[in-house]
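For reference, the structure discussed in these notes is given below.
What follows draws every value from the coordinates through simple rules; no lab data is involved. Just so it is clear, the model here is predicted, and its values are computed rather than measured. All Cβ positions, glycine included, derive from the backbone under ideal geometry; neighbour counts span all protein chains shown.
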Amino acid sequence: MSHQPPDHEHDHQHGKDPLCLEIFARLSEYLDGELAAEDCAGIEAHIADCPPCVEFVKQLRGSIEASHHFRVPGQPAPVDAELRERLSQAWSEALARKHQDAQQD
Amino acid sequence: MAGDASAFEPFVQSFQAKIFQYTWLTCGQREDAEEVAQETLLKVFESFDQLREPEHVRAWVFRIAKNYCLMKRRRSVYAPEREYSLDELLPSFDGERSLQIPDESEVPEDALLRGELNARIETAIRELPEIYRSVVLLRDVEELSTSDTAGILNVSEDVVKQRLHRGRLALRKALASYVEAK
C-alpha cells in the first residue's frame, strides 16, 4: 500500500482515487484492529490528508457503534410455568450427567 | 457456571433476551422468533453438559439458535442469495449528505432520537441479504469474535471479514439514505 497522501492540487478525485478505493476495502479490518501496524500507518497517512475518507471512516465507525447499541424493541414473552419446569428439569439432568462424568474421570 | 445450580435463573434471564433478539432479526416473524427462541433455550439446557469450552458459551448458544433458525426458515431453494459488490456500496461523495449518527455518550437523554435510530437500524439489518445479516448480527450486535462467528456459521474467518465489511457498508448506506430523506 502506498503511503503517499493524495495530491489535492491535481487530479485526485475524492472517493475515486485508487488509494481511496483500496482503503475502503479494508476499513473494517482497520477499525477492528485486525491490520498489521504497517497497513494501519498507511491508512492513517492517507486519511490525514483526505477529508472524504475521514468522513467515511467516521460514518462507518458511527454505524458500527450504533449496531453495538442496538436492541430489539420489546421483550420476549415471559417463560411460562410449563417451559420453566422443563428447563429446570433439563438443567438438573445436565448437571447430574456432568457430575457423573467428572466422577468417572 | 455449568456446575452451579444457582446459575439457572441468571442464565435464563441473560440468554432469553439475547436469543430472542437474534431469532427475531433472523426469522422475521415474532411468532416464529418466540418459538425458535424457546426451542433454543430448551436445547441449551438439555445439552449443557456437552459444553466443552465454557469461555465460548455465547458462541455455543448462538450456534444452536442459528441451527433452529435454519430449520424454521421457509426459503425457496430457487431464490439465489443476493451478494453485494464493493462498488455498489461505495459512497457518492458528490452530494451525499453527512451521516449524523448520535453518539451514545453525547445524547444519553434523547430517547426519541435514539428510538428512531434504533428502528432504522432494525429495518436496515432486516433488509440485508441473509449472508451479511447473519455476520453483522453475530459480530456487531452480539459482539462475538471473528473466530467464534466463523465457527457458528461454518465459514472461514476471511469470509466472515468480507461479509462483515460489506454488511457494514450496506448499513452505513442505508442510514445515510435515512438522513437524506429526513
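What the table shows:
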{"read-out": "Per-residue mean of C-beta atoms belonging to partner chains within 10 Å, peptide A:54-60", "value": "5"}
{"read-out": "Average Cα contact separation per residue, region B:5-72, under 8 Å, 6 or more apart, as relative contact order %", "value": "36 percent"}
{"read-out": "Pairs from A:LYS98/B:LYS72; B:LYS66/B:LYS173; B:LYS18/B:LYS72; B:LYS18/B:LYS66 whose Cα-Cα separation, in the structure shown, is over 22 Å", "value": "A:LYS98/B:LYS72; B:LYS66/B:LYS173"}
{"read-out": "In Hz, Karplus ³J(HN,Hα) per residue of region B:115-127 (6.51, -1.76, 1.60; θ = phi - 60°; x = Gly, Pro)", "value": "x, 5, 5, 4, 5, 5, 5, 4, 4, 5, 5, 4, 7"}
{"read-out": "Prolate/oblate/rounded label for region A:18-69 (Cα gyration tensor, a/c 1.5)", "value": "oblate"}
{"read-out": "Residues with amide H under 5 Å from that of B:LEU144, placed H, sequence gap 5 or more", "value": "B:ARG139"}
